[in-house]
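The values are calculated or read from the model by the stated rules, or taken from the named source; none is laboratory data. Keep in mind that what you see is a predicted model, and the values were worked out from it rather than measured. Every residue, glycine among them, receives a Cβ derived from its backbone with ideal geometry; neighbour counts consider all protein chains shown.
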Amino acid sequence: MPTLDGQDDALNELILAKQWKQALNLCEKKLKKSSNSDYMLVKKINVLLSWPEETRNQQGWKELGILLERKPPVDDIETLLALDAIAEANGENDPRLRQVWQNAAGARPQDEKLHMVWFRSKFEIGNLRAAQQASQSWMKNFPKNRDPFFLYLLTMHKLTEDLATPESERALLGSLAYKFLSKAASEVPNGVEGIKSTRAINTLEDHLLLVRVYRAQGKYSEAAAIVMRSPFGKMSWELVRHLIELLQLCHQWTELWQLCQRLLVDARDESPERRIEMTHYPFGKFGDDWKVWQGLIMASTKIGTQERSTSTGNLIISFGTGISSSRNAQLALLKFYSCKVAAGEDYQDQLLSSCWEYFKNFSTKVACFHDIQPYISSLERINQEKLVELTGNVSREIRPETESSESKKVLWITSEINVLKLEYNLVISRDDNTFRNGLLQEFICNCLRLYRLSLKYDLNLPVSDRLPGDDAALLAAMGLIRLYKTRRTYPEHNNALLRSVVVLEHLLLRSKHNYDALLILVRLYMFLGAGSLALERYSRLSIKNLQHATISWVLYTHISTIHPHPVSISRTNGGGQTIIDPNSDMVQALDWHKSAFDLSKRTVTSMQENRQWTMSLDALSTSTHIGSAFSKCLLLVETKRIARFFSVSHETQNLKILYIPPRTKDARDRLAFPNYEAHGQLTFEETLPSVGLHIDTNDKWLEHQLDLARFWDMLHNNGHTSIDEAGLTEMKQKSQSDPNAFTDAEYTIGVILNILRNLYTVFYKKPPRMEAQPVEVWLRNIVEVLEMYIPAGSQTLESNLETGMNASARLGKSLKIPLWSYFHSMYTYLELCRYLSPLLDYVLAENRKCKYVDAAWLSSKLARFREEGKKLSANVRLSATELRDELQGPVVLQEITRELLRDTNKDKSEDLIGMELCFLGGESTVICKSIQDSWIEALAGVIRIS
């Protein structure tokens, strides 16, 4: 083992500081003293390979080759790990680097620690093939050890799940894993000849791994048989739940029904006598589990006999009635009847009656609507309307008196909100009748009245994230967002989106951390172009840990072309000023992705040490999910663009630009948004106004943005060697994109940047002099094509710029407000200007060396392009300045407020929603002022970009 004496840290500091000579001297000095010369020699080789001089690199590769060819081979663990670091930094192109562990294991076959470290070092970095080789060698040399056998199975199973593994190999590995486990599962306690007794399936974790592998191979009935005959199958609730799934997958409906029936009977009868005599399962009330009820109903439906159906119905009804009635059983009855309806049987009346009974029993519970939501869609239209009427009667019956207790008032408010949710789902969210007799506007007013009434009760409740009436305000905001979508047909509803914002802001005045309200506001503010308010509301969500992968996209999608600059926020209650910088926040989110990825790997190792096989598989999947997360690529794209705008001398400029991994995972949590929309229609999140086009995991948009970031790195890399010729060719192929994948501004600028990249590529490849004449013709053609886009007289760029400047919306008769599309267009054109200058400088400098085209001609053309870029940048800032000046002043604030809180519509009819908003209180003017200030601040940010 090496004696570090703290000098490894000193060596690493010298390498980071690029003090190559001092680092080399330190290595040679330690080589003379070290008891482990191999380790220090590898450290010296690492310095030589990192040295930017070619001669030193060659010296390093030469010394490395001598070390790898040496007999006996390197077998010190620390030295092998140091060689792994060299392989990772320089690529495992030399096959000898891939074989160092194998050679060491061959030299020391009985060193179990070496085998263990070999496996873990490869498994932790996701090198599954090397890990499989390590576990196989470990298993072969230590046949009495259980761990390498199960780790070998684990690695094969992960390789079968890896899409990068060829299909034929995945099939082979899967069948091998199944074969190994089959032999282990058939082993008896005394052992079977040819199979080591230590490899028997004799623990709960072994059984769970077996179920997982068998399921992956489609061996459902075999896995079910093993679980049923194993003693663990009767003692482990986790295995019982797996057994239910296995019986469903292999269509053993009679066995499934009997299993679920036994579990439910045991859960029902809790008498001591029954416990003594029980021959089924010892789980008691655990059996009253929703998965069990689902299995029972599915089995009954698939068996399809009247006798079985009657038995199932009687069992459910017996559980759902009486003093100790089961809530799960009452929901199971709804599912039972909805399955009957789906099968074409006439159970409409029973389903309606059961839904009404359930609502009557649980309407004062917050979860009541969510419980019955999956089943009410099975009701016929007339029965849905009848259910809305019946539930309204239930709520009216429990309305409290003024002197009633607080608890009764809270229960009534909760019941009323459940009625409103039901009405929204069955009536309001249906597109075919939204505007019948002003139904939607009446619904919004009812929600606002209930919310105001809940505030009047002045309930002395504990401080929490939400108050009982908050969902009424959320429903009103949802209705207003739906109203906004009709603005083309009904122009008077052009203000509905701002009204929705005002309602949600009123809610936050009393429930400062209402998650649903904050999440919706972030989306709305981004759409409205009020980036500073979006940043502030997002900060209140206190996003941390896994939410960086699941929730951060709500704010950061297109943030670099809407609000890339920091903003100063005044905190209430003496909180002072706080700077919110989207760039640094995204860097922190990227740091979390890296640290979480590393932590997940270490967690996998810990679980394997404890022989928690399936948990280690789940942890490894989480690690892979984080490492190749879609949100990670999105954060990288937005961070790099902000760095381009502000010429940030920041570590983000040195972030490695990733190619989209072939297994990119979309962890974006769209279910985080509340949803009360009708069955079969878009979810509420999908109906929310959003910035840009829908970005999918396989969309060309993300690939194109990563290519732009790599191209920027090429322009600003001194040696212009950050991407090889193959990389340039791949970037060019990806640039031929579908215009439907981009906004208009992105597509136009993408075409221009593609032409510029072609211009760059000529000088990057440097064709030989014999090809000078065709190269000159090609260059002249490129410049002529570029002239069609960049000059001010060009119809393409000019018309698109004008379209972007007109992306602002109208509020009222004359007020122009900038939506996200305005900022997006302006920043996209400014981004083009940022690319133009360094690229033109590079082309001119390289042409002086190569002399492909007349220097005077090229200089005049490129000078014109440079000048047009300056004009484009000036026009963008001029547009932003004019719009900012138009939005300033108290007169504008009065116009915004008047438009939101007006008391009549344009046809002189009463504006009931406006009147209800007035009744909410005087804070509406303050809210409007904050929106006005946010627009002005965002426009000032555009003006500041140089």
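Overview of values
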item: Candidates Gly941, Gly869, filtered to the one that is touching a His at 6+ places or on another chain (Cβ under 6 Å) and either more than 21 Å from Leu528 (Cα to Cα) or at pLDDT 85 or above (or both); result: Gly941
item: When residues of the stretch 117-129 are limited to those that are over 29 Å from the mean Cα position of the chain (by Cα) and crowded, with 21+ Cβ neighbours inside 10 Å, the one farthest from Arg602 (Cα to Cα); result: Trp118
item: Residues of the stretch 757-790 that turn out to be modelled with pLDDT of 70 or more and in a loop (DSSP other than H, G, I, E, B), as a count; result: 3
item: Residues that are hydrophobic (A, V, I, L, M, F, W, C) and not in a helix (DSSP H, G or I), drawn from the stretch 377-387; result: Leu379
item: Candidates Ser395, Ser415 - the one that is among the small types (Gly, Ala, Ser), out of contact with any His (no Cβ under 9 Å at 6 or more places or on another chain) and crowded, with 23+ Cβ neighbours inside 10 Å; result: Ser415
item: The stretch 896-905, residues that are in contact (Cβ under 8 Å) with a residue 60 or more places away in the chain and surrounded by fewer than 18 Cβ atoms within 10 Å (Cβ to Cβ); result: Arg898, Asn905
item: Qualifying residue in the stretch 794-804 (condition: in a helix (DSSP H, G or I), surrounded by fewer than 20 Cβ atoms within 10 Å (Cβ to Cβ), at pLDDT 80 or above and not hydroxyl-bearing (Ser, Thr, Tyr)); result: no
item: Top-ranked residue of the stretch 546-563 - restricted to ones that are of a type in the set (Val, Ile, Thr), more than 13 Å from Ala672 (Cβ to Cβ) and in a loop (DSSP other than H, G, I, E, B), ranked as modelled with the highest pLDDT; result: Ile562
item: Sole residue being assigned to a loop (DSSP other than H, G, I, E, B), of a type in the set (S, T, N, Q), at pLDDT 55 or above and surrounded by fewer than 20 Cβ atoms within 10 Å (Cβ to Cβ), chosen from Asn698, Asn718, Asn675; result: Asn675
item: Qualifying residue in the stretch 311-333 (condition: at pLDDT 90 or above, within 22 Å of Met228 (Cα to Cα) and either outside any helix (DSSP H, G or I) or more than 39 Å from the chain's Cα centre (by Cα) (or both)); result: no
item: Residue match in the stretch 527-534 (condition: among the hydroxyl-bearing types (Ser, Thr, Tyr) and outside any loop (DSSP other than H, G, I, E, B)); result: yes
item: Subset tally (residues that are modelled with pLDDT of 80 or more, surrounded by 14 or more Cβ atoms within 10 Å (Cβ to Cβ) and of a type in the set (A, V, I, L, M)) for the stretch 662-672; result: 1
item: In the stretch 835-853, the residues that are touching a residue at least 40 places away in the same chain (Cβ under 8 Å) and surrounded by fewer than 16 Cβ atoms within 10 Å (Cβ to Cβ); result: Pro838, Cys850, Lys851
item: Qualifying residue in the stretch 681-694 (condition: farther than 17 Å from Met526 by Cα, at pLDDT 85 or above, of a type in the set (D, E, K, R) and buried (at least 17 other Cβ atoms within 10 Å of the Cβ)); result: no
item: Of residues in the stretch 19-39 being part of a loop (DSSP other than H, G, I, E, B) and either in contact (Cβ under 8 Å) with a residue 24 or more places away in the chain or among the aromatic types (Phe, Trp, Tyr) (or both), the one surrounded by the fewest Cβ atoms within 10 Å (Cβ to Cβ); result: Ser35
item: Residue, surrounded by the fewest Cβ atoms within 10 Å (Cβ to Cβ), within the stretch 616-637, restricted to residues that are touching a residue at least 24 places away in the same chain (Cβ under 8 Å) and of a type in the set (A, V, I, L, M); result: Leu617
item: Failed condition for Glu609, given (1) acidic (Asp, Glu); (2) at pLDDT below 80; (3) within 30 Å of Phe119 (Cα to Cα); result: (2)
item: Lone qualifier among Leu655, Leu634, Leu599, Leu590 - being at pLDDT below 75 and among the aliphatic types (A, V, I, L, M); result: Leu655
item: Conditions (1) surrounded by fewer than 18 Cβ atoms within 10 Å (Cβ to Cβ); (2) in contact with a Phe, Trp or Tyr (Cβ under 9 Å, 6 or more places away or on another chain); (3) within 24 Å of Ser623 (Cβ to Cβ); number of the one not met by Gln110; result: (3)
item: Options Lys144, Lys140; residue that is surrounded by fewer than 17 Cβ atoms within 10 Å (Cβ to Cβ), touching a Pro at 6+ places or on another chain (Cβ under 9 Å) and closer than 30 Å to Arg108 by Cα; result: Lys140
